[in-house]
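K.L.:
What follows is a single structure, and I will ask about it in a moment.
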Amino acid sequence: MPKLLVCQHVPHEILGTLDPLLRRSGFRIRYVNFGRHPDAQPSLDGYQGLIVLGGPMNVDEVERYPHLAVEMDLVREAMDRDIPVLGICLGAQLIARAVGAEVTRATAKEIGWYDVRPTDHGRGDPLVGHFGETERIFQWHGDMFEIPGGAAHLVDAPGCLNQGFRIGRNVYGFQFHLEVDEAMIRRWLRVPSMREEIESLGGAIDPEVILRETHERIHELRRLSDRTFAEFVRLFGPRERVRILPSR
């Protein structure tokens, strides 16, 4: 049974809809929760893939969060071993920085639902080639990455141009959150630090608008995420599907 190492930074940023898909596909998942164990030194030995999730810190805060350097070392090691890597939000920024690309403050924070669009490279990519001309996807970020040298720029957007990239054949970074469901979004809006972040923007972001749009768009996002993440699973080669029995 293949094993995935997942780097987690805060309790509320999890694999979300990606978790059951991976488990049905036969993966064993190990979370490394750096929020609880900031001094953890995980190894990729015995793992066939790496996923780096989002978080509130930025990639320049290595002195405050030394594990960010550990994670960038893991990314580089995974690339050397040619095993699939997926970075979401902060995770994508860590991949970009790990290979020498700049990560800077965005001109404006994106919190809520925003339009993104596949680039010419994206339209031919296995993971995002099924995206429509414009897709409305959930975002929560204040930083942005430059596209790493030699990487394929897959997804862009009017407000934050660089939304997705691929390095080689199996290293992906997405600025947006395909993995969320409605319960996750509602939880994020209740997390004190995230609520305070919205309040600090002086009314530019309305949580009630986010909730209304979430109710309208979450099913389409799930369709999009299931197809995208199914293609990520295909990067590992044929998998034996696992039947999940109901709990007693």
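The values are calculated or read from the model by the stated rules, or taken from the named source; none is laboratory data. It should be emphasised that the depicted structure is a prediction, and the values quoted were computed from it without experimental measurement. Please note: Cβ atoms are built from the backbone with ideal geometry, for glycine as well, and neighbour counts cover all protein chains shown.
K.L.:
Just checking, does segment 134-147 include any residue being part of a loop (DSSP other than H, G, I, E, B) and under 24 Å from R105 (Cβ atoms)? Can you show your working first?
P.N.:
Initial filter on segment 134-147 (part of a loop (DSSP other than H, G, I, E, B)): 134, 146-147.
Keeping just the survivors that are under 24 Å from R105 (Cβ atoms) gives 146-147.
Looking for residues that are part of a loop (DSSP other than H, G, I, E, B) and under 24 Å from R105 (Cβ atoms), one finds at least one in segment 134-147, hence yes.
K.L.:
Also: Quick one: which residue in Y47, Y31 is under 15 Å from the mean Cα position of the chain (by Cα) and more than 28 Å from C160 (Cα to Cα)?
P.N.:
Working: Y47 fails: under 15 Å from the mean Cα position of the chain (by Cα).
Going through Y47, Y31 in turn, just one is under 15 Å from the mean Cα position of the chain (by Cα) and more than 28 Å from C160 (Cα to Cα): Y31.
K.L.:
So, of the residues in segment 1-37 that are over 17 Å from L86 (Cα atoms) and charged (D, E, K, R), which turns out to be surrounded by the most Cβ atoms within 10 Å (Cβ to Cβ)? Explain how you work it out, then say what you get.
P.N.:
The initial filter retains those residues of segment 1-37 that are over 17 Å from L86 (Cα atoms), namely 1, 10-12, 24, 26, 34-37.
This time we only want the ones that are charged (D, E, K, R), so: 24, 36.
On the way: R24: 14, R36: 11.
Among those that are over 17 Å from L86 (Cα atoms) and charged (D, E, K, R), it is R24.
K.L.:
Can you name the condition, by its number, that S193 falls short on among (1) part of a loop (DSSP other than H, G, I, E, B); (2) under 28 Å from M72 (Cα atoms)?
P.N.:
Unmet for S193, out of (1) part of a loop (DSSP other than H, G, I, E, B); (2) under 28 Å from M72 (Cα atoms): (1).
K.L.:
Still on this structure: Looking at segment 119-130, I want the residues that are in contact (Cβ under 8 Å) with a residue 24 or more places away in the chain and within 14 Å of Q163 (Cα to Cα) and have a partner that is among the polar types (S, T, N, Q) and buried (at least 20 other Cβ atoms within 10 Å of the Cβ) with Cβ atoms under 6 Å, at least 6 apart or on another chain. Which pairs are those?
P.N.:
Partner pairs satisfying both residue conditions: L127/T228.
K.L.:
If R217 satisfies every condition in (1) of a type outside the set (A, V, I, L, M, F, W, C); (2) under 28 Å from G49 (Cα atoms); (3) surrounded by 14 or more Cβ atoms within 10 Å (Cβ to Cβ) but one, which is the exception?
P.N.:
All conditions are met except number (2).
K.L.:
A further question follows. Could you tell me which numbered condition M184 fails, if it satisfies all but one of (1) outside any helix (DSSP H, G or I); (2) modelled with pLDDT of 95 or more?
P.N.:
(1)
K.L.:
Answer yes if at least one residue in segment 64-73 is of a type in the set (V, I, T) and either within 17 Å of the chain's Cα centre (by Cα) or assigned to a loop (DSSP other than H, G, I, E, B) (or both), and no otherwise. Write out each step before concluding.
P.N.:
Of segment 64-73, the ones of a type in the set (V, I, T) are 70.
Still in the running and either within 17 Å of the chain's Cα centre (by Cα) or assigned to a loop (DSSP other than H, G, I, E, B) (or both): none.
The answer is no, given that none of the residues of segment 64-73 is of a type in the set (V, I, T) and either within 17 Å of the chain's Cα centre (by Cα) or assigned to a loop (DSSP other than H, G, I, E, B) (or both).
K.L.:
Right, something else. Name the single residue, out of those in segment 1-54 being of a type in the set (D, E, K, R), without any contact (Cβ under 8 Å) to a residue 12 or more places away in the chain and assigned to a loop (DSSP other than H, G, I, E, B), that is nearest to P66 (Cα to Cα).
P.N.:
Taking segment 1-54 first, the residues of a type in the set (D, E, K, R) are 3, 13, 19, 23-24, 28, 30, 36, 39, 45.
Checking the rest, the ones that are also without any contact (Cβ under 8 Å) to a residue 12 or more places away in the chain come to 19, 36, 45.
Then drop every residue that is not assigned to a loop (DSSP other than H, G, I, E, B), which leaves 36, 45.
Numbers: R36: 13, D45: 21 Å.
In this case the residue turns out to be R36.
K.L.:
Still on this structure, I have one more. Which residue pairs have Cβ atoms closer than 6 Å, lie 6 or more positions apart in sequence or on different chains, and pair a first residue in segment 187-214 that is in contact (Cβ under 8 Å) with a residue 24 or more places away in the chain and surrounded by 13 or more Cβ atoms within 10 Å (Cβ to Cβ) with a second residue that is aromatic (F, W, Y) and in a helix (DSSP H, G or I)?
P.N.:
Matching pairs, first to second residue: M194/W188.
K.L.:
Considering (1) buried (at least 20 other Cβ atoms within 10 Å of the Cβ); (2) touching a residue at least 60 places away in the same chain (Cβ under 8 Å); (3) within 30 Å of I83 (Cβ to Cβ), say which one A151 fails and leave the rest.
P.N.:
Here A151 clears every test but (2).
K.L.:
Right, here's the next one. Within segment 43-61, track down each residue that is touching a helix residue (DSSP H, G or I) at 6+ places or on another chain (Cβ under 9 Å) and more than 20 Å from A106 (Cβ to Cβ).
P.N.:
Residues of segment 43-61 that are touching a helix residue (DSSP H, G or I) at 6+ places or on another chain (Cβ under 9 Å), as a first pass: 43-44, 47, 49-61.
Correct list: S43, L44, Y47, G49, L50, I51.
K.L.:
Sticking with this one: So Y172 clears everything in (1) under 17 Å from P118 (Cβ atoms); (2) assigned to a loop (DSSP other than H, G, I, E, B) except one condition, right? Which one?
P.N.:
(2)
K.L.:
Still on this structure, please answer the following. Out of E61, E77, which single residue is out of contact with any Asp or Glu (no Cβ under 9 Å at 6 or more places or on another chain) and outside any loop (DSSP other than H, G, I, E, B)? Can you show your working first?
P.N.:
Values: E61 fails: outside any loop (DSSP other than H, G, I, E, B).
Every option except E77 fails the conditions.
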